[in-house]
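Working notes, beginning with the structure itself.
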Amino acid sequence: MPIKRSKYDVTINLICLLLLSGLVVYLLINWSDIPDKIPGHYNAMGEVDRWGNKGELLFLPIIGWIMYIGITVLEHFPQVWNTGVTVTEENKARIYPILKNIIGTTKLLVVGVFVILDINSALAKSLPIWFLPIFLVLMFGSIIFSVVKLTRAK
């Protein structure tokens, strides 16, 4: 059963494409200004705990594009999703759109984090201390919100 694309799906995909494309353009335009030594990893407090060379900045956009494409393809095969609820002919019209929104939101958060991390590393800065808590609240908050919707929809 193909799932109809909602405005939310279109918006999420457009934002992801803009973020990933914007990151590539940012790196191309600013490559000569990026220091040779950049943060390669951050600890939970946002402090740099490993330094690397600027070539490492290319990994996150590549991984980001691979994940974006992979998750986008996965969205088209609801039969392989781990739903957490039993999907029947009677409830799949209610369940699949909720699951598709979870997947789309997760895709946006992952792409957003990759873009933020890469730009922050290109600027050779530590992450703000609020970065990890905000990311975790957004990620788990969206999942909890969707699980509540799923249990009500089953």
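Every number here is computed from the coordinates shown, using simple stated rules; none is lab data. It should be emphasised that the depicted structure is a prediction, and the values quoted were computed from it without experimental measurement. Don't worry about glycine lacking a Cβ; one is built from the backbone with ideal geometry, like all the others, and counts go over all protein chains shown.
Can you compute the FRET efficiency between Leu58 and Ile143 using 1/(1 + (r/R0)^6), with r the Cβ-Cβ distance and R0 = 35 Å? Round to the nearest 0.05. Between Leu58 and Ile143 the formula returns 0.70.
Rank the residues Lys107, Lys154 as a footprinting-exposure proxy: fewest other Cβ atoms within 10 Å of their Cβ go first.
Lys154, Lys107
Give me Asp33, Asp118 ranked fewest to most by other Cβ atoms within 10 Å of their Cβ, as a rough exposure proxy. Write down the numbers at each step before the final one.
Numbers: Asp33 8, Asp118 23.
Ordered from fewest to most neighbouring Cβ atoms within 10 Å, Asp33, Asp118 come out as Asp33, Asp118.
Cross-link partners for Lys154 among the lysines, with Cα-Cα distance under 17 Å and sequence neighbours closer than 8 places in the same chain left out: Lys92, Lys100. Using Cα atoms only, what is the angle between the long axis of helix 7-30 and the major principal axis of the chain, expressed in degrees (0 to 90) to the nearest 10? The answer is roughly 10 degrees. Taking label points 7 Å from Cα along the Cα-to-Cβ direction, Val10 and Lys37 give a separation of 5.0 nm. Separation of segment 88-143 and segment 1-62, taken as the distance between their Cα centroids, equals 13 angstrom. Volume per residue for segment 7-153 equals 110 cubic angstrom (convex hull of Cα atoms).
Using the C-alpha gyration tensor of segment 45-117, what are the square roots of 5 times its eigenvalues, in whole angstrom, with the largest one first?
Values: eigenvalues 234, 33, 15 Å².
Semi-axes from the Cα gyration tensor: 34, 13, 9 Å.
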